Amino acid sequence: MSSDEEFNPDQENLEEYDTEEWKGSEEQICSELSDLDISNTLGSTNPSYAPGYNVCKKCSYRYKITTGVSTLRKHLNKHQLRAPMKKYQVLTKKGIPFNYDEQKIHDKYLTNWLICDLQPFTTGTNIAQEIKRTLEEFNIFDRIITLTTDNESTMIVCGREIALTIEDEISSMTFSHCRCAAHVLNLGVQEGLKLIDDSVKKARKLMKSIKNSTRLCDELHLLCDLKNMKYLKPLIDIVTRWNSTFYMLRRLEVLKPALVLLVADNRSISIYYPNDDDWIAIKDTLLLLEPLERATKYLSASSYPTIGETHFIFSGIQAHLIKYIEKETFTQRDMASSIYRKIRQYWMIMDESSIISAIVDPRNKLTVFPEESRLNALRHIQAIYKIYKEQFTPTNTVQYASNSKRQYFLLLQQENEVDRINEEMFTSTIELEELDHYLQLPVDVGTDPLMWWQAHYNEFPVLCNIARDFLPIQATSVASEQAFSVAGNTITKTRNRLLPETARACLCVKSWMDKGLIE
């Protein structure tokens, strides 16, 4: 079914619906229509994040405003939601409930009802409410500054709802919705693979033919032993599995010496074996995709800070793609260009949400920003610094020089120096010098950011609080998705009646055992 089917009264079959299919009286329907403010009602079906569309609140599927009621009804049937049916009839037929103009108003009302009112829940809003409930249960709702999700439309709605809730209830000026960096990279790769050439298609058919044949796999195993190679089973790429095309082609390249012998003895797969030109294209594809695979793995970790590296890594990837876009002899220039455009499209959204984390990472600071955006980045950190400065309560005396206490008493002995002491020792030290002093320090490329801030807390107390809040932000949603995968192994078809408290306890115990906290 097309998502953009448009309603055309002249093409509709006027006899397909029965006039008796309406539930309820005509008077009740007319009464509801007379009380309906069409302009207000239709506003909820045309949200700001999808102008010109009706958005299904259950699956976030989009339909044009001009889509007919019958199409919306078919979509609703997919969710096992049955809507009553009625359409405009000629005026000469008896039993007509509405004339043509009334029927147009009624169709608008029915469209709004199908999209908004009939469905049992709103996915994005419902997820946001459940997240809020869980955060409040652990008493940390007012301490949340970031939500990291993938780029699915439901999660975008969820992020917007949480941001509005936080703004209304706790007036936080630091909350942001981060997009999963690994998901953005995967979207870019998938966009580029739409332009994949015949070389990769042949490689896919070859690997699939071998993988699906036990005889060919056994022969390949023997040939690997003959070549003193480690046997690796052929892989095939899957759309939903990140980097799977890269892994398939790399496996093909590794098995090449044994595959040459296998293809020579099996004509059925020889037509799929790459020729010299195909191997050049395959190697170019591997060369293009390797940095994206490495970035996905690096940013998906949860044992070290990753959000501060997003600018650094994405800048490198974009430079890598531009290099091969401009290289005329490169066989996958179109793929590189398509990936670059897709990543650039999402980077315009991701850029602002990771500025603070990049600056408070002592390995980067302002060096990861191009000259034209460096001033904007500096304004961001100054605004956040001002917010944290107002909330900061010092627990220790801030000292930049080892003799600052003794210097205080030396200055006391001098006449008319009290005012200058107060200004230099208290005001300028924290208010004016801390951020500037940090940015003037050289970049420490090889350091651990968390250890660096632990060692420099007394020197930069306000910035340390900022780093403590922003550096632990996850650059991807992989850790969360892995937690759901683990939960899927706990809550199974045969254990489907666990209480929430029991399931939570089981997952916590497993996590503690994996971390070695308990035996």
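Points to keep in mind about this one:
- Among the candidates 226, 193, residue that is buried (at least 16 other Cβ atoms within 10 Å of the Cβ) and under 28 Å from residue 255 (Cα atoms): 193
- Candidates 227, 194 - the one that is basic (Lys, Arg) and within 35 Å of the chain's Cα centre (by Cα): 194
- Taken residue by residue, segment 411-433 has no member that is part of a helix (DSSP H, G or I), open to solvent by 80 Å² or more (accessible area, probe 1.4 Å), within 25 Å of residue 145 (Cβ to Cβ) and at pLDDT 75 or above.
- Test for residue 350: is it farther than 16 Å from residue 315 by Cα and either open to solvent by less than 40 Å² (accessible area, probe 1.4 Å) or not aliphatic (A, V, I, L, M) (or both): no
- So residue 128, is it among the small types (Gly, Ala, Ser), surrounded by 14 or more Cβ atoms within 10 Å (Cβ to Cβ) and either outside any helix (DSSP H, G or I) or modelled with pLDDT under 65 (or both): no
- Some residue of segment 456-468 being open to solvent by 60 Å² or more (accessible area, probe 1.4 Å), within 26 Å of the chain's Cα centre (by Cα), within 30 Å of residue 369 (Cα to Cα) and at pLDDT 90 or above: yes
- Segment 310-325 - residue that is open to solvent by less than 20 Å² (accessible area, probe 1.4 Å) and not aliphatic (A, V, I, L, M) and, of those, farthest from residue 354 (Cα to Cα): 324
- Residues in segment 263-273 that are more than 14 Å from residue 203 (Cβ to Cβ), in a helix (DSSP H, G or I) and in contact (Cβ under 8 Å) with a residue 12 or more places away in the chain: 265, 268.
- The one condition from (1) under 30 Å from residue 319 (Cα atoms); (2) free of Cβ contacts under 8 Å to residues at least 24 places away in the same chain; (3) surrounded by 14 or more Cβ atoms within 10 Å (Cβ to Cβ) that residue 217 does not meet is (1).
- Scanning segment 323-354 for residues that are at pLDDT below 90 and more than 17 Å from the chain's Cα centre (by Cα) yields nothing.
- Considering segment 62-82, the residues that are in a loop (DSSP other than H, G, I, E, B) and surrounded by fewer than 17 Cβ atoms within 10 Å (Cβ to Cβ) include one that is modelled with the highest pLDDT, namely 79.
- Just one of the numbered conditions (1) more than 22 Å from the chain's Cα centre (by Cα); (2) assigned to a helix (DSSP H, G or I) is not true of residue 363: (2).
The values are calculated or read from the model by the stated rules, or taken from the named source; none is laboratory data. Just so it is clear, the model here is predicted, and its values are computed rather than measured. Heads up, the Cβs are rebuilt from the backbone with ideal geometry, glycines too, and the neighbour counts pull from every protein chain shown. SASA here: full protein model, heavy atoms, side chains in, ligands and nucleic acids out. Shrake-Rupley method; radii C 1.70, N 1.55, O 1.52, S 1.80 Å.
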